[in-house]
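Enquirer: The structure that follows is given in the form of structure tokens.
The values are calculated or read from the model by the stated rules, or taken from the named source; none is laboratory data. Here the structure is a predicted model, which means the values were calculated and not measured. Please note: Cβ atoms are built from the backbone with ideal geometry, for glycine as well, and neighbour counts cover all protein chains shown. These area figures cover heavy atoms from the full protein model, side chains too; ligands, DNA and RNA do not enter into them. Shrake-Rupley method; radii C 1.70, N 1.55, O 1.52, S 1.80 Å.
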Amino acid sequence: MSDMLSPVPNAPTQPGPAPSLPPGVDGLVWAIACRPGHRPEKLDAEQIARALSGAPPDEPDAWVWLHYDIVHTATRALVQAIACLPEEARAALGNIDRGTRLEVEGDIVYGALPGFDDSMSEDDKNLSAWRFAVLPDLLITTRRQPVPALGLIYRYMQRGEPFASPAEVVDRTLLEFADTVRRNIALLDDHLDRAEDLLLTLDQHTDFGRISGLIGRVRRRSTELRRVISPVDRMFRSEDLELPEWAEDDLRDRSQRQIHAALDDLLALQDRARSLQDELASGQAEETNRRLYTVSIVTTLMLPATFVTGFFGMNTGGMFLAEGRAGTIEAGCICFLFMVITWLLLKLMKLL
């Protein structure tokens, strides 16, 4: 699933120092005007220019969403020259790192939030980031790789689902991210279930390498997810974050609860993985001790026979059983007798 749609044709050159780009190279993926209870309408070049200059929409309850692909350097320069945004917000929109941040400047909320790429399978999705700047009547988002959550929100709008404000789009995108994290956690939990089943049926044929691979995969993926979710949770829980009143309910309340719940599930998964890792180490130590025990018993049983063979191997005169044709058989019987005596002694001492 991808958020890549047909670029909006003939997007205007932005005011200020932005370079002039040919149509189709401006990186604009979609530009729509939204009103609660109505399907979104695509904007033409003049309407896009008005939105970027800070002019309010024609309808009193309408708002605008502009979504950019900033793969090309020229597109980043175009985004960083948007006139209606402060310098810090423009820099954040054009940034290409994967760090997360959330800043407020007056009525503008901007920053970068995590997302997943459009990999085909659920358990190998790579983490990426998308950036945004949101005002009461304008939402500008940028990304380098397609972010399925943004495309999903766009399709919700096309089907007529109402979005009352730009902040609700950011909130729903975060909720989609949290849902994807929980689906990842469910898949990782299935891996731990298989590893636990193998550990509970521990025997001499248990494949410790397979168990270790399952647990290692879970720990690696959960650590990757935690490194992304923890900063987002800290941002929303920070007492220094003072969101505008129009964005408080959506961005702080619902998003914070969902992200924090996903983080709790992830921490519980990591605790379970560590517990199974300790149990695996215990099982491996037990298997190693069992093998060493077997080797020690065999070595102890062979010790008298080793002594007998060493004794009869001496090149000295008058060796016992040196004369006669049955000396080898008799020496073998003596070795076996000493092994039986050793075995009985081990049993008597309860070492077997």
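Enquirer: Inside the range 227-247, can you point out the residues that are exposed (fewer than 12 other Cβ atoms within 10 Å of the Cβ) and closer than 13 Å to Glu103 by Cβ?
Expert: Of everything in the range 227-247, those that are exposed (fewer than 12 other Cβ atoms within 10 Å of the Cβ) and closer than 13 Å to Glu103 by Cβ turn out to be Ser238, Asp240, Glu242.
Let's see how each residue does on (1) touching a helix residue (DSSP H, G or I) at 6+ places or on another chain (Cβ under 8 Å); (2) assigned to a helix (DSSP H, G or I); (3) modelled with pLDDT of 80 or more:
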{"position": "Ser282", "(1), (2), (3)": "no, yes, yes"}
{"position": "Ile297", "(1), (2), (3)": "yes, yes, yes"}
{"position": "Ala331", "(1), (2), (3)": "yes, yes, no"}
{"position": "Leu352", "(1), (2), (3)": "yes, no, no"}
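Enquirer: Considering only the range 37-44, I want to know if a residue exists there that is at pLDDT 85 or above and either open to solvent by less than 60 Å² (accessible area, probe 1.4 Å) or among the hydroxyl-bearing types (Ser, Thr, Tyr) (or both).
Expert: yes
Enquirer: Could you tell me whether Ala89 is under 28 Å from Ser230 (Cα atoms), touching a residue at least 12 places away in the same chain (Cβ under 8 Å) and open to solvent by less than 40 Å² (accessible area, probe 1.4 Å)?
Expert: Yes; evaluated as a whole, the condition is true for this residue.
Enquirer: Let me ask you something else. Please enumerate the residues belonging to the range 86-131 that are of a type in the set (Lys, Arg) and modelled with pLDDT of 90 or more.
Expert: Arg131
Enquirer: On to the next question. What strands (runs of 3 or more DSSP E) completely inside the range 96-208 contain at least 2 residues that are in contact (Cβ under 8 Å) with a residue 40 or more places away in the chain and buried (at least 23 other Cβ atoms within 10 Å of the Cβ)?
Expert: 108-116, 127-135, 138-143
Enquirer: Quick test of your reading of the structure: Leu251 fulfils all but one of (1) part of a helix (DSSP H, G or I); (2) open to solvent by 60 Å² or more (accessible area, probe 1.4 Å); (3) modelled with pLDDT under 75; (4) touching a helix residue (DSSP H, G or I) at 6+ places or on another chain (Cβ under 7 Å). Name the failing condition by number.
Expert: So the condition that Leu251 fails would be (2).
Enquirer: Looking only at residues that are under 24 Å from Leu127 (Cα atoms) and open to solvent by 50 Å² or more (accessible area, probe 1.4 Å) in the range 209-222, which one is nearest to the chain's Cα centre (by Cα)?
Expert: Arg220
Enquirer: For the range 63-79, how many residues meet the condition of being surrounded by fewer than 21 Cβ atoms within 10 Å (Cβ to Cβ) and under 24 Å from Pro40 (Cα atoms)?
Expert: Counting residues in the range 63-79 that are surrounded by fewer than 21 Cβ atoms within 10 Å (Cβ to Cβ) and under 24 Å from Pro40 (Cα atoms) gives 1.
Enquirer: What is the residue count in the range 61-73 for residues that are at pLDDT 85 or above and either of a type in the set (Gly, Ala, Ser) or assigned to a helix (DSSP H, G or I) (or both)?
Expert: Adding up the residues that qualify gives 1.
Enquirer: In the range 1-36, what residues are at pLDDT 50 or above and not hydrophobic (A, V, I, L, M, F, W, C)?
Expert: Asp3, Asp26, Gly27, Arg35, Pro36
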